[in-house]
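What follows is one structure encoded as structure tokens, with my remarks underneath.
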Amino acid sequence: MLDFKIKKLKNKHIKFIQKLILNNPNKYISPKLKKTKKILKDKISYGIFVNEDLIAFNLSFFSNNVALKRTTCVISHLDFVSKDYTSNGLQKILHKHRDGKINKSIPIITRISPLNVRSLKNLLNLGFQLDKIVIKNKENGEFTVPEESYTAKHYIEMTNEDISKNEVCLDDIRYIMKK
Ligand SMILES: CC(C)(COP(=O)(O)OP(=O)(O)OC[C@H]1O[C@@H](n2cnc3c(N)ncnc32)[C@H](O)[C@@H]1OP(=O)(O)O)[C@@H](O)C(=O)NCCC(=O)NCCS
């Protein structure tokens, strides 16, 4: 049984967050952590420490401008577990810990690659559901809801053939999950 402590992440942990990511390169994660300092101000990001070493974290922040509906929600921005410590359920532990600290009525939103099976499994286990599909904009690399309305239902009904016709490859797609 893993012996660990969960602590609220503070600015002094940023260098350890960056170190953890650099030591565990992963195609789903951009090592640019410019936003981290801003995110930590909301005080709902937590890390898991083993013998004072940061081995997993969740970065989350409050937002009130999601799709311009101006309702307060929590954006779960980034989950990360060191390769040496995966398969201990740490992503789920961090989500449950954060959820215990925030108002239960606040929706939680996250964005994930459909190719990221581990994280997708965990999010579904935590009660997240597919809300919408976003597709990478070729011009600026941003993920946005396509003009053509690909709803979750629409996407599920699409075949691979339809996707290629639309010149979208699976890596250009992200799921927006909500609970
Ligand atoms: C995604 C991540 C946070 C999950 O870490 P974790 O909490 O240790 O999750 P696990 O490794 O225990 O895997 C979760 C589930 O996927 C399953 N799984 C693991 N490897 C798998 C594989 N190759 N294929 C299918 N399922 C797999 C596990 O069995 C588990 O399912 P279960 O709970 O139903 O048994 C971690 O792998 C990570 O940091 N990845 C890199 C960063 C990332 O992708 N972050 C998420 C995007 S923000």
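The values are calculated or read from the model by the stated rules, or taken from the named source; none is laboratory data. Predicted model only: the values in this text are computed from it and were never measured. Cβ atoms come from the backbone with ideal geometry, glycine included; neighbour counts cover every protein chain shown.
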Discussion item. For a quick check of your reading of the model, give me the residue pairs whose first member lies in segment 75-100 and is farther than 14 Å from Lys7 by Cα, whose second is exposed (fewer than 13 other Cβ atoms within 10 Å of the Cβ), with beta-carbon atoms closer than 6 Å and at least 6 apart or on different chains.
Written reply: Asn88/Leu2
Fill in: Qualifying positions in segment 93-132 - over 19 Å from Phe80 (Cβ atoms) and part of a strand (DSSP E or B)
Gln129, Leu130, Asp131, Lys132
Worksheet entry | Qualifying positions in segment 83-121 - near the ligand (Cβ under 6 Å from one of its atoms) and among the aliphatic types (A, V, I, L, M) | Leu90, Ile112, Val117
Worksheet item: Just to be sure, is Ile109 β-branched (Val, Ile, Thr) and in contact with a strand residue (DSSP E or B) (Cβ under 6 Å, 6 or more places away or on another chain)?
Response: yes
Practice prompt. Please tell me if Asn125 is at pLDDT 95 or above, surrounded by 12 or more Cβ atoms within 10 Å (Cβ to Cβ), closer than 22 Å to Tyr175 by Cβ and within 16 Å of the ligand (Cβ to nearest atom).
Written response: yes
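Picking from Asn24, Asn58, which residue would you name as being in contact with an Asp or Glu (Cβ under 9 Å, 6 or more places away or on another chain) and either among the basic types (Lys, Arg) or modelled with pLDDT of 95 or more (or both)? Walk me through it before giving the result.
Numbers: Asn24 fails: either among the basic types (Lys, Arg) or modelled with pLDDT of 95 or more (or both).
On inspection, the qualifying residue turns out to be Asn58.
Using the structure shown, decide if Phe49 is touching a strand residue (DSSP E or B) at 6+ places or on another chain (Cβ under 8 Å), more than 21 Å from Asn125 (Cα to Cα) and within 16 Å of the ligand (Cβ to nearest atom). Walk me through it before giving the result.
Numbers: touching a strand residue (DSSP E or B) at 6+ places or on another chain (Cβ under 8 Å): yes; more than 21 Å from Asn125 (Cα to Cα): yes; within 16 Å of the ligand (Cβ to nearest atom): yes.
It is true that Phe49 is touching a strand residue (DSSP E or B) at 6+ places or on another chain (Cβ under 8 Å), more than 21 Å from Asn125 (Cα to Cα) and within 16 Å of the ligand (Cβ to nearest atom).
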